[in-house]
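The values are calculated or read from the model by the stated rules, or taken from the named source; none is laboratory data. Keep in mind it's a predicted model, so treat the numbers as computed, not measured. In this analysis, Cβ positions are derived from the backbone assuming ideal geometry, glycine residues included, and neighbour counts consider all displayed protein chains. SASA here: full protein model, heavy atoms, side chains in, ligands and nucleic acids out. Shrake-Rupley method; radii C 1.70, N 1.55, O 1.52, S 1.80 Å.
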Amino acid sequence: MSQPTAHRATRNNARRDFYERIGGLSMAPLWESLHQLVPPQPAPKYQAAHWDYDKVRPFLMESGSLITAKEAVRRVLILENPAMRGSACITPSLYAGLQLILPGEVAPSHRHTQSALRFIVEGEGAYTAVDGERTIMREGDFVITPTWTWHDHGNDSRQPMVWLDGLDIPLVAMFNAGFAESGESDEQAITAPEGTSDARYASGLLPVDWKPARQTSPIFNYPYARTREALAGLAKAGPPDPCHGYKLRYVNPASGGAPIATMGTFMQLLPKGFRTAPYRCTDGTVFSVVEGTGESVIGERTFRWKKRDHFVVPSWANVEHRADGDAVLFSFSDRPVQEKLDLWREDRGGK
Ligand code: 1HN
């Protein structure tokens, strides 16, 4: 052994011995992990993934014959990031799943501090009740279940209903701020007629003396018919954004912020033949395809998608979407949290 090599071996042994001794006091040397703790740019430990609805749907329907919504409490197949199996996460901060509710079923009332969003993928006519008011859900509707609100779902229609659930479960778990309780009966008491929230808060007007008590939006169903009309109007009004096509964010009309404090939700129209310019941002994002077919290049991989497919784009991964005909994509991410913390960044590649 040459002199410097021998010296290095002795030094490394001394360090290892030192690490072991301080380990006994629950201490560790920062210099061994500093670069990993503070990477020069995001280095996500999760990956891009795509769920083809044609492959997913038969399993969802099979789950319908294995367990009732009542027994399951929520009959959901979790969309789990392939690089985070066992975690129930689609990104490190977000949970996603596809929920099935069959005709005649009730998913019993409960509440929790985790906030939820529903994005309706298939079917029409099931309802969700949130703090005493019901709303009937249709394809493309975006519905919120704010933190600590009582909620139950029921399906009085003749068709199965499937929706995407997005929850901030991993964020709430990180803070150890989770509370939950079950309702006294399966269906909560209804105290307001259907349409009350819509009338009070969703027309660019607010009750004159109403003051918001929380960050959450007072509107709990953002129907697709209105969203689609807004997108069509935008497309008539001007050119698409190079990175996004025509993209809108859902908003709490009382604050201008996101409808849910922890999750941002978006809808974008990619016109026929449109290719978005390369784009990346720090919010890992879950997409649900509402209309059309196309493909997304995410990092090194290309995923072809169609109506009702889902895919996830990791933080800081380069993404380019291409639409065959007109296509519409719903998406959600933790962007409002990152913005509150002054962490959110994007890279528009000069566009
Ligand atoms: C939940 O309450 C719902 O209310 C869906 O539909 C998915 C996943 C984990 C924990 C609670 C719902 C959920 C959930």
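Electrostatic bookkeeping for residue 351 treats Lys and Arg as +1 and Asp and Glu as -1; over the other residues with beta carbon under 14 Å from its beta carbon, the sum is 0. Compared with the alpha-carbon gap, the fully stretched path from residue 25 to residue 236 is longer by 69.4 nm at 0.36 nm per residue.
Net length available on complete extension from residue 199 to residue 300 is 31.7 nm, with 0.36 nm assigned per residue and the Cα-Cα distance removed.
Please compute the net charge surrounding residue 46, taking Lys and Arg as +1 and Asp and Glu as -1 over other residues with Cβ under 11 Å from its Cβ.
Charge balance in the 11 Å sphere: +1.
Taking the 1.4 Å solvent-accessible surface of the chain as the whole, the part contributed by carbon and sulfur is 55%.
With a simple spin-label model that places each label point 7 Å from the Cα along the Cα-to-Cβ direction, the separation between residue 41 and residue 138 comes to 4.4 nm.
Full extension of the chain segment joining residue 185 with residue 8 gains 56.8 nm, where the gain is 0.36 nm per residue of separation less the Cα-Cα distance. Using just the C-alpha positions of the chain as equal point scatterers, what log10 of I(q)/I(0) does the Debye formula give at each q in 0.07, 0.10, 0.14 1/Å? Those come out to -0.35, -0.66, -1.18, one per q.
Charge tally around residue 147: other residues with Cβ under 14 Å, Lys/Arg +1 each, Asp/Glu -1 each, net -1. For residue 47, the amide hydrogen comes within under 5 Å of the amide hydrogens of 83, counting only partners 5 or more places away or on other chains and with H modelled in the peptide plane.
Shape summary: the range 216-287 maps onto an equivalent ellipsoid whose semi-axes, from the alpha-carbon gyration tensor, are 23, 17, 10 Å in decreasing order. Peptides 334-345, 90-101 ranked from most to least packed by the mean count of surrounding Cβ atoms within 10 Å: 90-101, 334-345. Estimated from the Cβ-Cβ distance and a Förster radius of 22 angstrom, the FRET efficiency linking residue 346 and residue 320 is about 0.95. For the chain, the relative contact order is 15 percent, taking Cα pairs closer than 8 Å that sit 6 or more residues apart in sequence and dividing their mean separation by the residue count.
Surface exposure of the range 1-95, expressed per residue as accessible area with a 1.4 Å probe, stands at 71 Å². Averaging 1/r over each pair of different alpha-carbon atoms in the range 236-351 and inverting the result gives 14.5 Å, the Kirkwood hydrodynamic radius. For a test of the definition: using alpha carbon positions, the gyration tensor, and the 1.5 limit on a/c, classify the range 98-193 as rounded, prolate or oblate. Because a/c hits 1.5 or more and a/b fails to exceed b/c, the range 98-193 counts as oblate.
Projecting label points 7 angstrom from Cα along Cα→Cβ for residue 87 and residue 16 puts them 3.0 nm apart.
Which percent of the Cα-Cα distances in the range 302-351 go past 15 Å? Beyond 15 Å sits 60 percent of the P(r) for the range 302-351.
In order along the range 127-144, phi translates into HN-Hα couplings of 10, 10, 10, 10, 6, x, 10, 9, 9, 7, 10, 10, 3, x, 6, 10, 10, 10 Hz, rounded to whole numbers, per the Karplus curve 6.51 cos²θ - 1.76 cosθ + 1.60 with θ = phi - 60° and x for Gly and Pro. Protein heavy-atom accessible surface, 1.4 Å probe, per residue over the range 160-306: 50 Å².
Tell me the Kirkwood hydrodynamic radius of the range 1-113 in angstroms, computed as one over the mean inverse distance between distinct C-alpha pairs.
One decimal place: 19.4 Å for the Kirkwood radius.
Our coupling estimate for the range 190-200, obtained by passing each phi through the Karplus curve with A = 6.51, B = -1.76, C = 1.60 and θ = phi - 60°, is 8, 10, 9, x, 4, x, 4, 4, 4, 5, 6 Hz, Gly and Pro reported as x.
Which entries of 236/351; 272/306; 307/351 have Cα-Cα distances beyond 25 Å here? In this structure, 307/351 lie more than 25 Å apart at Cα.
Per residue, the average separation of C-alpha pairs within less than 8 Å and at least 6 apart gives the range 1-91 a relative contact order of 20 percent.
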